[in-house]
Structure formats: structure tokens, C-alpha cells
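Everything on this sheet refers to the single structure shown next.
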Amino acid sequence: LVDPADLAGGHCLAPDYLAWSLDRSLDRLGLDTVDCYYVHNPEAQLAARSRSAVYDALEAAFERLERRRLAGDIGRYGVATWRAFRVPTDDEAFLSLREVLARAEAAGEAVGPDDDHGFEAVQLPFNVRMADAFTRRNQRPHGEPDGDPISTLEFAHEAGLSVVTSASIGQGELAVSGAIPDGVDDRLAGDTPAQRALNFARSAPAVTCSLVGTTDTEHLRENVAAGTFDPLGASAFDATFE
């Protein structure tokens with residue numbers, strides 16, 4: 001299915017492989033269209049090639065996804081990451097969200113028929129104990145190469161990208177009493193620690209939704225009910241860090 005040279009560990013960004021994977025997903029799901037298709041953990045490629053080569057590989061992948069978007073097979077696409085957008089700029093796993101977006105813009109222009117592109121979503125870990133997507137200023141502003149660094153969430157907000165948080169309740173660690181710091185917990189709406197943890201993640205700028213996994217029906221009801229509580233406003237969210 002893939003050229004071994006395209007592999008980094010078990011990870012592959014090759015356009016033909018992504019297209020094959022998309023076709024398999026559509027077939028297994030019994031769908032004509034996937035609303036949002038994520039390219040998963042592109043930072044994994046940095047273990048095998050340079051950062052510029054990874055950006056080139058992403059642009060080639062985005063061009064294929066643009067063609068599939070125009071064909072109606074996907075609605076939009078994005079990248080699902082773990083470390084790429086949260087770490088310092090000198091970290092081996094760092095990727096520039098501005099550069100990734102620029103590659104999507106180039107892919108959209110190359111495929112046409114207009115300057116539109118389908119890159120609209122970023123998935124990354126975010127919770128009350130893993131908030132560096134908001135606190136670390138590691139991205140350059142969109143359209144301002146010499147601007148002061150801003151956080152990934154601020155960049156996404158300014159660029160009109162939707163952020164989907166993973167590890168929203170710390171893979172279960174924040175769902176127990178006392179796990180959320182008192183100075184934050186008493187500001188959050190929700191009847192349970194899990195609901196308050198989800199409320200925190202949902203309150204961050206640019207966040208469209210917060211993912212949470214469960215294998216328990218009772219927990220499922222609890223997590224869904226978290227959506228009935230209003231998230232923090234911008235000022236109140238900022239105040240939790242002050």
C-alpha cells in the first residue's frame with residue numbers, strides 16, 4: 001500500500017495511502033461523505049524527515065484531500081495532533097500552525113476552482129492540567145510573520161479555525177473529586193468533576209467541541225449533560241489563569 005520510504009514508524013502521509021484509507025472508511029461506515037477528515041499526528045513524521053519535508057508532505061496530502069472535497073467525499077479536513085502545536089518552537093515535535101494553514105491555502109489554490117480551501121479543524125489535547133495550547137506563545141500570527149508570538153488557540157481563533165479538544169477530562173484523571181484546583185473548580189458550572197472539567201475545556205477560545213470517551217452508560221449520560229451548563233465567558237476564562 002505504501003512506499004517504505006514514506007513511513008515514520010507506523011505513520012504515513014502519502015496521498016495514495018490517505019485516499020485508500022478514506023475509501024475504506026466510507027465503505028465501512030456506509031456513508032457517501034465524511035464531514036471532517038483528520039490527518040493524524042503529522043508530527044510523527046519528524047522522526048524520519050526534516051520539518052520542511054513534513055510541510056511538503058502535508059501540502060501534497062492536502063491537495064489530495066482538496067480533490068476529494070470537491071468530489072463530495074469529505075466536507076472539510078484538518079489535523080489531529082498530540083504534541084505538534086503545544087510544545088516550544090525548539091522541540092523536535094513542533095509544527096507551525098501558520099505554516100500548516102499556508103500549505104492548505106496553497107493546496108486549495110492549486111486544486112481550484114477558486115481560492116477556497118477545506119482546512120478548518122485542529123484537534124489537540126486541552127484540559128485544566130494540560131493547558132499549554134492556551135498558555136504557551138509558540139505561534140506567529142496569521143499574516144504577520146514578524147508579529148509577537150501568540151498561543152495556538154489564539155492563532156486558531158484569529159484564523160477562523162475550529163479547535164476540538166482531546167483528553168478533555170485528562171483521560172479520566174479529572175473526573176474525580178479534588179482533581180481540579182480549587183481556584184478553578186469553584187468558577188466552573190457542572191454537578192460533577194467531569195462536567196466541570198468539560199466546561200473548562202469548552203470555555204477556551206476557538207474551541208468548537210470537547211471530546212470525551214466512555215464505555216459506561218452512566219458516564220455517557222453525565223458527559224452529555226455537561227453540555228447543558230454554560231461555558232465560561234472570555235473574561236472569566238482568562239481570570240482562572242490570573
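Considering every residue within the stretch 11-20, establish whether at least one is open to solvent by 50 Å² or more (accessible area, probe 1.4 Å), touching a strand residue (DSSP E or B) at 6+ places or on another chain (Cβ under 7 Å), part of a helix (DSSP H, G or I) and over 30 Å from residue 170 (Cβ atoms). Quick ask: steps written out before the conclusion?
Looking only at the stretch 11-20, we keep the residues that are open to solvent by 50 Å² or more (accessible area, probe 1.4 Å), and these are 16-17, 20.
Subset that is touching a strand residue (DSSP E or B) at 6+ places or on another chain (Cβ under 7 Å): none.
For the stretch 11-20, residues open to solvent by 50 Å² or more (accessible area, probe 1.4 Å), touching a strand residue (DSSP E or B) at 6+ places or on another chain (Cβ under 7 Å), part of a helix (DSSP H, G or I) and over 30 Å from residue 170 (Cβ atoms): absent.
Of the residues that make up the stretch 39-47, is at least one free of Cβ contacts under 8 Å to residues at least 12 places away in the same chain and either surrounded by 14 or more Cβ atoms within 10 Å (Cβ to Cβ) or acidic (Asp, Glu) (or both)? Outline the logic, then answer.
Taking the stretch 39-47 and keeping what is free of Cβ contacts under 8 Å to residues at least 12 places away in the same chain, we get none.
No, because not a single residue in the stretch 39-47 is free of Cβ contacts under 8 Å to residues at least 12 places away in the same chain and either surrounded by 14 or more Cβ atoms within 10 Å (Cβ to Cβ) or acidic (Asp, Glu) (or both).
Of the numbered conditions (1) closer than 15 Å to residue 163 by Cα; (2) surrounded by fewer than 19 Cβ atoms within 10 Å (Cβ to Cβ); (3) small (Gly, Ala, Ser), residue 233 fails exactly one; give the number of that condition.
For residue 233, the failing item is (1).
Filter the stretch 52-82 down to the residues that are assigned to a loop (DSSP other than H, G, I, E, B) and surrounded by fewer than 18 Cβ atoms within 10 Å (Cβ to Cβ) and list them by number.
Step one: list which residues in the stretch 52-82 are assigned to a loop (DSSP other than H, G, I, E, B), which gives 71-73, 81-82.
Once the filter is applied, which keeps residues that are assigned to a loop (DSSP other than H, G, I, E, B) and surrounded by fewer than 18 Cβ atoms within 10 Å (Cβ to Cβ), the stretch 52-82 yields 71, 72, 82.
Which of the residues belonging to the stretch 183-209 are open to solvent by less than 30 Å² (accessible area, probe 1.4 Å), more than 14 Å from residue 124 (Cα to Cα) and assigned to a loop (DSSP other than H, G, I, E, B)?
The first filter runs over the stretch 183-209 and keeps only residues open to solvent by less than 30 Å² (accessible area, probe 1.4 Å), leaving 184, 188, 190, 193-195, 197-201, 203-204, 206-207.
Subsequent filtering for residues that are more than 14 Å from residue 124 (Cα to Cα) retains 184, 188, 190, 193-195, 197-200, 203.
Across the stretch 183-209, the qualifying residues are 188, 190.
Could you please find all residues in the stretch 83-112 being in a loop (DSSP other than H, G, I, E, B), without any contact (Cβ under 8 Å) to a residue 24 or more places away in the chain and open to solvent by 40 Å² or more (accessible area, probe 1.4 Å)? Please lay out each step first, then the result.
Looking only at the stretch 83-112, we keep the residues that are in a loop (DSSP other than H, G, I, E, B), and these are 83-96, 112.
Among the residues that remain, those that are also without any contact (Cβ under 8 Å) to a residue 24 or more places away in the chain are: 90-91, 112.
Once the filter is applied, which keeps residues that are in a loop (DSSP other than H, G, I, E, B), without any contact (Cβ under 8 Å) to a residue 24 or more places away in the chain and open to solvent by 40 Å² or more (accessible area, probe 1.4 Å), the stretch 83-112 yields only 90.
Kindly indicate whether residue 213 is open to solvent by less than 50 Å² (accessible area, probe 1.4 Å) and small (Gly, Ala, Ser).
Working: open to solvent by less than 50 Å² (accessible area, probe 1.4 Å): no; small (Gly, Ala, Ser): yes.
No, not satisfied.
The values are calculated or read from the model by the stated rules, or taken from the named source; none is laboratory data. These numbers come from a predicted model, not from an experiment. In this analysis, Cβ positions are derived from the backbone assuming ideal geometry, glycine residues included, and neighbour counts consider all displayed protein chains. Just the protein is used for accessible areas: all its heavy atoms, side chains included, with ligands, DNA and RNA removed. Shrake-Rupley method; radii C 1.70, N 1.55, O 1.52, S 1.80 Å.
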